[in-house]
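We did not get these values from a lab; they are worked out from the coordinates using the rules stated. Note that the structure is predicted; figures quoted are calculated from it, not measured. Cβ placement follows ideal geometry from the backbone for every residue including glycine, while neighbour counts extend to all protein chains displayed.
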Amino acid sequence: MNVIHSLALQLKNSLRDLLPVVLVIGFFQIIVIRQPLPDTLALLDLALGLLFVVIGLTLFIKGLELGLFPLGESLARAFVQKGSVTWLLLFAFALGFGSTVAEPALIAVAARAGVVVSESGLIENSSLAQTSFAFTLRMIVALSVGTAVVVGVLRIFKGWPLHLMIIGGYVIVLLLTLLAPAELVGIAYDSGGVTTSTITVPLVTALGVGLASAIKGRNPMLDGFGLIAFASVMPIIFVLLFGIFGLGLVAEGTS
Amino acid sequence: MNMLTTFWDTLRDIFPIVAIIFGFQYLVIRKPIKHFLKVAIGFLMVWVGLSFFLLGLEQALFPMGELMASQLTSPDFLPAITEGAHRHWSDYYWVYIFAFTIGASTTIAEPSLIAVSIKAGEISGGTINPFTLRLAVALGMAFGITLGAWRIVMGLPLQWFVLGAYCLVIVQTLRSPKSIIPLAFDSGGVTTSTITVPIIAALGLGLASSIPGRSALMDGFGMIALACLFPIITVMGYAQIAQWRSNRKPQKEPFLGTSATKSHQGDTNAL
């Protein structure tokens, strides 16, 4: 009974959350664009799609509250009780790396990046070179997210101030931008945004908040957040570094 | 058929994470999971929910967003110009309005942002309203995307914009209440995961291919980067406004502050 009630409440929230998108699309279609929909997009299909989105959002958020959030926090607490920082850092790395390496958005961006880079002549213009570049880029981004979660977890342990570290990261990004090949700059900046997937974000947030509440002297608000911030800056740095130092190696390896 | 592939793909995405979590739980921590059934049902709901969500996006929102992006940037839709003349950037006003509104509205429906805002509301003890936080992020996102669209129309280098946004972030960081900073930095990263990226990408691509002299491949990139930076600025702005308002209240009723506002005050005093 309780579950059904909370699901109904969440359904109401999901409807509210989706309403603005529907209004924006409706306004533009009816008032601004004023063109009939193409045959491939039937109104019924669109309505069905929206229904799926609402159902999906409702189940996803409820599922997070039941499963991912409590498990993430209890795992964080268990690591603190166990007192083994090495295992915790290993876990942090595995989580960052494992959730990024198969991320569909990253695969799409990496493939597009392969085409851009080969057209601009930085690597050989062949599909083999493009694929190998895309794969290397994916690995580098996944490695960077793993490193980012490790650094973020270390920060929670030591209580280092987040803003100084992130601003330091920005400064490094700006300096590297000056040195990196121009074609890679846009790709590098965007790779920071695509890494944080819908499942990773809640889990990593629960991990950070759980750690900050389990470790004495840490404030969940001040220390619990920030892991995602590292995961957005670190890939930029890694990809720019790769553009400066690693590009030649990939080009040599495939020729 | 399509449905099965989506469910399968989502399972493949979730699997590594589940494997890592359960692997560490049973091999390293070696303790049974509390309320195992509840957690398992939760994971099942996450999987089914995410699959339905993605299925719905692919069926309704993405084709719609792509269609509208290409319609709004097509020469038939834009005001007529004389042969050979250059289009003024303001001709694309509907594109900017679309970028702003679609950016804001899709951010409101972004699942990972909802997740982070729930957590933030929980641990802030009520000083942060989850929905207001999401509104602040949505505003920043909308502004970042609009600026990105304008940049593509003007053909200006991305670096200037990122540099400018970084400077704003640094200035804001120095002036905001300390307790909001980590959350603000996080909200930059969470906004671009599921709904927004494909629609922004379609808009960027449509713009870059309809404007002479822009390459779809080169100029299409970069919108996501700006969309990640501006939420940081608006969330800190929201905290500054909240702090300013709470600083005004205690002057009227100095002894009635709750413990939550007291700790908030303590934070601001520490600055």
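What the table shows:
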quantity: Cα-based shape type of the range A:170-255, given that a ≥ b ≥ c are square roots of the gyration tensor eigenvalues and the cut on a/c is 1.5; calculated: prolate
quantity: Footprinting exposure proxy for A:Ser74, B:Ser215 (fewest neighbouring C-beta atoms within 10 Å first); calculated: B:Ser215, A:Ser74
quantity: For chain B, calculated [θ]222 nm from helices alone, where every DSSP H run of n ≥ 4 adds -39500 (n - 2.57); calculated: -24000 deg cm²/dmol
quantity: Cβ charges +1 (Lys, Arg) and -1 (Asp, Glu), total dipole of the protein assembly as shown, debye; calculated: 2180 debye
quantity: If the convex hull is drawn through the Cα atoms of the protein assembly as shown, its volume per residue in Å³; calculated: 170 Å³
quantity: Residue-by-residue Karplus 3J(HN,Hα) for the range B:228-237, coefficients 6.51, -1.76, 1.60, Hz, glycine and proline x; calculated: 7, 8, 5, x, 4, 5, 6, 5, 5, x
quantity: Helical contribution to [θ] at 222 nm, DSSP H n ≥ 4, -39,500 (n - 2.57), averaged over chain A, rounded to 500; calculated: -26000 deg cm²/dmol
quantity: Hydrodynamic radius (Kirkwood) for the range B:10-113, which is based on Cα pairs only, to one decimal in Å; calculated: 18.1 Å
quantity: Residue order, fewest to most beta carbons within 10 Å, for A:Leu9, A:Leu95; calculated: A:Leu9, A:Leu95
quantity: Pairs of Cα atoms farther than 20 Å apart, the range A:1-119, %; calculated: 69 percent
quantity: Max mean-square fluctuation residue, GNM over chain B, Cα-Cα springs under 10 Å, options B:Thr234, B:Thr127, B:Thr107; calculated: B:Thr127
quantity: Where trypsin sites (Lys or Arg not before Pro) in DSSP loops with at most 14 other Cβ within 10 Å are excluded, longest remaining stretch of chain A; calculated: A:35-215
quantity: Where Rh is the Kirkwood radius over Cα pairs, Rg/Rh for the range B:150-192; calculated: 1.09
quantity: Volume in Å³ per residue [convex hull over Cα atoms, computed for chain A]; calculated: 180 Å³
quantity: Percent of Cα pairs exceeding the 18 Å cut-off, where the set is the range B:63-141; calculated: 56 percent
quantity: GNM flexibility winner over chain A from A:Ser144, A:Ser84, A:Ser191 (Cα, springs under 10 Å); calculated: A:Ser84
quantity: Global form of the range A:105-255, assessed from the alpha-carbon gyration tensor, a/c cut-off 1.5; calculated: prolate
quantity: Tensor-based shape of chain B (alpha-carbon gyration tensor, a/c under 1.5 rounded, otherwise prolate or oblate); calculated: oblate
quantity: Computed over chain A: relative contact order in percent, which uses C-alpha pairs under 8 Å that are six or more apart; calculated: 25 percent
quantity: Part-to-part distance (alpha-carbon centres) for the range A:191-222 and the range A:20-52, which is given in Å; calculated: 37 Å
quantity: Residue-by-residue Karplus 3J(HN,Hα) for the range A:10-23, coefficients 6.51, -1.76, 1.60, Hz, glycine and proline x; calculated: 5, 4, 4, 4, 5, 4, 4, 5, 8, 3, x, 4, 4, 4
quantity: Simple label model, 7 Å out from Cα along Cβ direction - B:Glu122 to A:Ala42, nm; calculated: 4.2 nm
quantity: Two-site label geometry, B:Arg30 and A:Glu119: point separation in nm, points 7 Å out along Cα→Cβ; calculated: 5.6 nm
quantity: Average beta carbon contacts from partner chains per residue of A:214-227, 10 Å cutoff; calculated: 5
quantity: Karplus-derived HN-Hα couplings along the range A:80-88 (A = 6.51, B = -1.76, C = 1.60, θ = phi - 60°), whole Hz, x at Gly and Pro; calculated: 5, 5, 5, x, 9, 5, 4, 5, 4
quantity: Proxy reagent accessibility, fewest Cβ within 10 Å first, across B:Ile33, A:Ile172; calculated: A:Ile172, B:Ile33
quantity: Sparse-neighbourhood loop sites, trypsin sites (Lys or Arg not before Pro) in the range B:1-62 - DSSP loop, at most 13 other Cβ within 10 angstrom; calculated: B:Arg30, B:Lys34
quantity: Sequence-separation-based contact order of chain B, relative, with Cα cut under 8 Å and 6+ spacing, percent; calculated: 22 percent
quantity: Fluctuation leader among B:Ile211, B:Ile241, B:Ile195 - chain B, Gaussian network, Cα springs under 10 angstrom; calculated: B:Ile241
quantity: Mean separation of Cα contacts under 8 Å (6+ apart) over length of the range B:1-147, as relative contact order %; calculated: 19 percent
